[in-house]
Each structure stands twice: as C-alpha cells, then as structure tokens.
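The structure appears below as structure tokens.
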Amino acid sequence: MQEDGIFNWDIGLQKAFQVTESLDVQFRREVFNMTNHPSFAVPNRNVRSPAGGTIRGTNTSPRQMQFGLRISF
C-alpha cells in the first residue's frame, strides 16, 4: 500500500551456519529502498524565478545495502 505517494521497500535476509558444536556464524544482508524508486520533492513555487516549477530533489534516499557477519562461540 502506498501512503503519501512514497513507494519504498526494505528487505533483510539472513543465514546461520553451525561450524562446530560451540561455534555459530550468521551472515546478514539488508537492503533499504530495494527498488530504488524516487519520490520527488515539491516543485519550486516561485513563479517569478527562472527556476520556477522545477524539481530539485527527492524525499527518499537512494538504495543502501549493508552486510553483517556475526560469530558466536
């Protein structure tokens, strides 16, 4: 469901491995704004300006990814 015109999907995946009886390893990957879909900001409202009506930015951040490795013993 879209709310306020913002389309943004976040996803996280993880996989755990048991290396030995007392050693566990967990790999994790998270992606924010997975589709990298822009949500544009409001246009410049000053009609007397040469830049009037232009859109100069977005309301959402670009796609970001992070990886994690956890070792438990």
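Every read-out reported here was derived from the displayed coordinates using simple, explicitly stated rules and does not represent laboratory data. All values reported here derive from a predicted model rather than from experimental measurement. Backbone-built Cβ (ideal geometry, glycine too); neighbour counts: all protein chains shown.
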For ILE11 and ALA41, calculate 0.36 nm times their separation in residues minus their Cα-Cα distance, and state this gained length in nm to one decimal.
8.4 nm
What are the GluC sites (Glu not before Pro) within region 1-62 that DSSP puts in a loop, where the Cβ has at most 12 other Cβ atoms within 10 Å?
GLU21
Dipole of region 11-55 (Lys/Arg Cβ +1, Asp/Glu Cβ -1, origin at the Cα centre): which of PRO38, ALA16, SER49 lies farthest to the positive side?
SER49
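For the chain, what's the relative contact order in percent, using C-alpha pairs closer than 8 Å and at least 6 residues apart? Present the calculation step by step, with values, prior to reporting the outcome.
Numbers: 130 pairs, mean separation 24.9, N = 73.
Worked out over the chain, it gives 34 percent.
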Once the Cα atoms of the chain are picked out, what are the Rg and Dmax in Å?
20.8, 72
Distant-in-sequence amide H partners of SER39 (H built 1.01 Å from N, under 5 Å)
ASN59, THR60
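Can you give the charge dipole size of the chain about its Cα centre, rounded to the nearest 20 debye, using +1 on the beta carbon of Lys and Arg and -1 on the beta carbon of Asp and Glu? It would help to have the intermediate numbers written out before the result.
Numbers: 8 positive and 6 negative charges, 88 e Å.
Charge dipole of the chain: 420 debye, to the nearest 20.
Compute the FRET efficiency between LEU23 and GLN64 as 1/(1 + (r/R0)^6), taking r as their Cβ-Cβ distance and R0 = 22 Å, and round to the nearest 0.05.
Result of the calculation: an efficiency of 0.10.
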